[in-house]
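The structure appears right after this line, and notes come after that.
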Amino acid sequence: MVTYAQARDHFRSSESHLYDPTFIVGIVLAVVMYMLRAKFPCFMFTPIGLIMAITLKWLTFKVGGTTLYEKKEVPIAVGLITGFGLNFAFTCLLSVMRNMGTLIIP
């Protein structure tokens, strides 16, 4: 079992995923996917994204093993999830502001 001190030290260390550039790449990919979906309503990326994720995970394990998976693929996945969450929160905030009349968006 991981103690609070161990978790705190991990996230303060240089091994934390928050400081990894691939984390930022994941967030950017999430925003780009949302922008494409907003621009093109027929852009359904979810099923293809799932297939791509499974394929990339399999290839990562075959080519680089668990080391490559932990160092590169996990931060990208965490970045994607964070990007989706931040984008959802931002659009919900804009929607609430628009419905309250404090934000005028045509």
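Full extension of the chain between Thr67 and Met52 gives 3.4 nm of extra length, using 0.36 nm per residue less the Cα-Cα distance. When each of the peptides 24-36, 85-97 is scored by how many other beta carbons lie within 10 Å of its residues on average, the order from highest to lowest is 24-36, 85-97. Of all lysines in the structure, the ones whose alpha carbon falls short of 23 Å from that of Lys71, not counting any fewer than 8 places away in one chain, are Lys57, Lys62.
Assuming R0 = 30 Å, what is the FRET efficiency of Gln6 and Leu59, from their Cβ-Cβ distance, to the nearest 0.05?
Details: r = 32 Å, r/R0 = 1.07.
Once rounded, the FRET efficiency stands at 0.40.
First check a/c for the stretch 48-98, with a ≥ b ≥ c the square roots of the eigenvalues of its C-alpha gyration tensor; if it is under 1.5, answer rounded, and if not, answer prolate when a/b is larger than b/c or oblate otherwise. Since a/c reaches 1.5 but b/c is at least a/b, the shape of the stretch 48-98 is classed as oblate.
No lab work stands behind these numbers, since they all come straight from the coordinates. In this text the structure is predicted, and so the values were computed from the model without any measurement. We place every Cβ from the backbone using ideal geometry, glycine too, and count neighbours over all the protein chains shown.
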